Amino acid sequence: VNEVMPGMIDERQTAQQSAEQDAAAREQEAARANFDYGSCPPTAAACVDLTKQRTWLQKNGKVFGPARDMSSGAVGWETPKGTHRVVRKVKNEVSRPFNNAPMPYSVYFTNNGIAFHEGNPNLWSHGCVHLRHDDAVQYFDELQVGDVVYVY
């Protein structure tokens with residue numbers, strides 16, 4: 001075929017790949033359209049759903065990427081609900097009150113030490129939001145000082 005019609009096989013493979021990418025994009029957009037935003041406002045850059053133990057990022061009021069599994073504060077150390085703002089970011093943080101426990105990729109959203117950071121999402125925290133490594137890196141990269149974080 002390539003001798004008679006050079007490039008035809010490549011053209012068909014490219015068309016098939018393009019159709020597959022278009023279908024995946026449509027599927028992803030449909031999933032976002034049906035996403036449960038709970039009470040998180042469109043102005044928030046990050047949302048934290050304490051009931052479902054999930055969090056997500058938003059851009060222009062729409063979910064950006066998937067919802068991520070997380071863990072929040074244990075009984076007596078509850079993650080504070082409400083509207084907060086990112087106040088600072090520290091890449092290689094430790095928690096002095098908790099025996100210098102590592103808190104990599106910390107994105108603080110309160111003035112009293114509550115942050116998104118890398119941690120085991122299967123273990124309750126002292127109020128922070130534990131994220132898996134890749135998720136913590138993405139939150140650290142995407143969220144900027146002043147961005148709204150909504151916890152409900």
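The values are calculated or read from the model by the stated rules, or taken from the named source; none is laboratory data. A quick note: this is a predicted structure, and the numbers were derived from the prediction, not measured. All Cβ positions, even for glycine, are placed from backbone atoms using ideal geometry, and neighbour counts span all protein chains on display. Accessible surface areas use protein heavy atoms only, side chains included; no ligands, DNA or RNA. Shrake-Rupley method; radii C 1.70, N 1.55, O 1.52, S 1.80 Å.
Loop-located GluC sites (Glu not before Pro) across region 73-146 with a Cβ neighbour count of 16 or fewer within 10 Å are 78, with loop assigned by DSSP. Under 16 Å from a label point set 7 Å out along the Cα-to-Cβ vector of residue 85, the amide N atoms of region 106-146 belong to 108-112, 143-146.
Any idea of the accessible area per residue across the chain, 1.4 Å probe, to the nearest Å²? Before the final figure, lay out each step's value.
On the way: 9210 Å² over 152 residues.
In whole numbers, the chain has 61 Å² accessible per residue.
In this view, the solvent-accessible surface of residue 133, computed with a 1.4 Å probe and all protein chains in place, comes to about 80 Å².
Over the chain, what percent of the accessible surface lies on carbon and sulfur atoms, probe 1.4 Å?
Numbers: 4680 of 9210 Å².
For the chain, the apolar C and S fraction of the accessible surface comes to 51 percent.
Note on the chain: Rg/Rh from Cα positions, Kirkwood definition for Rh, rounded to two decimals, is 1.19.
If each DSSP helix of 4+ residues adds -39,500 (n - 2.57) and the sum is divided by the residues in the chain, what number results at 222 nm, nearest 500 deg cm²/dmol? If you can, show how the numbers build up before the last one.
Details: 2 runs with 36 residues, N = 152.
After summing the helix terms and dividing by the residues of the chain, the value is -8000 deg cm²/dmol.
The phi torsions of region 83-96, fed into the Karplus equation with coefficients 6.51, -1.76 and 1.60 and a -60° offset, translate into couplings of 9, 10, 10, 4, 9, 6, 9, 9, 5, 10, 8, 10, 9, 4 Hz, rounded to whole numbers, with Gly and Pro shown as x. Taking region 38-92, which chymotrypsin sites (Phe, Trp or Tyr not before Pro) meet the DSSP loop condition and have no more than 14 other C-beta atoms within 10 Å? The qualifying sites are 77. Principal-axis analysis of the Cα atoms of the chain puts helix 133-142 at an angle of about 90° to the longest axis.
Starting from region 43-152, pick out the trypsin sites (Lys or Arg not before Pro) whose DSSP state is loop and whose Cβ has at most 16 other Cβ atoms within 10 Å. Please list the in-between numbers first.
Values: sites: 52, 54, 59, 62, 68, 81, 85, 88, 89, 91, 132; in loops: 52, 81, 132.
Listed in order of number, the matching sites are 52, 81, 132.
Computed from the Cα positions only, the extents of region 71-128 along the three principal axes stand at 26, 24, 19 Å, in decreasing order.
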